[in-house]
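Novice: Here you go, one structure.
FYI, it's all coordinate maths here, none of it is from the lab. Only a predicted model underlies this, so the values are computations on that prediction, with no experimental measurement involved. Cβ placement follows ideal geometry from the backbone for every residue including glycine, while neighbour counts extend to all protein chains displayed.
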Amino acid sequence: MTSPLHQHRPSRSVRTAIWIIYWIILCTLTHMPVMRGVKLPDNSDKVVHFTLFFLLAFIGGWRYRTKPTARISGLFVWTAIYIAYAGLDEWLQQFVNRSTNLDDFWANLAGIVVATCAVFAFQRPIPISDPPPRG
């Protein structure tokens, strides 16, 4: 019998839509020029960077882990893609009146790694390799 909690789980296509929309929002937010007069406390933006990239990787992992053919290697491939995007995102910010900051990249990286570990630890198990053939 399926529990009521599992009956109301969003479909994979809904999860994918949420992931794509979030990634678009993230890209938009990180490439908007900083408004004049806005001053955050020193290093408080690191928490924001960590959270934004944690959510990107967590939502992506949540989406990926529902795929029937999901493999652990695929989760790590997506993690590498998120890390590459985090670096590219930080580098591109210099062209929109923002600063490129290695500490921001490290905060992004930390969010991605923590999210990947959380997805790996708390979602349904995924096989490391193909299951043996039935016969």
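Novice: Based on the mean of other beta carbon atoms within 10 Å per residue, what is the order of 74-85, 21-32, 46-57, most packed first?
Specialist: 46-57, 74-85, 21-32
Novice: If Lys and Arg each add +1 and Asp and Glu each add -1, what is the summed charge of the other residues whose beta carbon sits under 12 Å from the beta carbon of I83?
Specialist: -2
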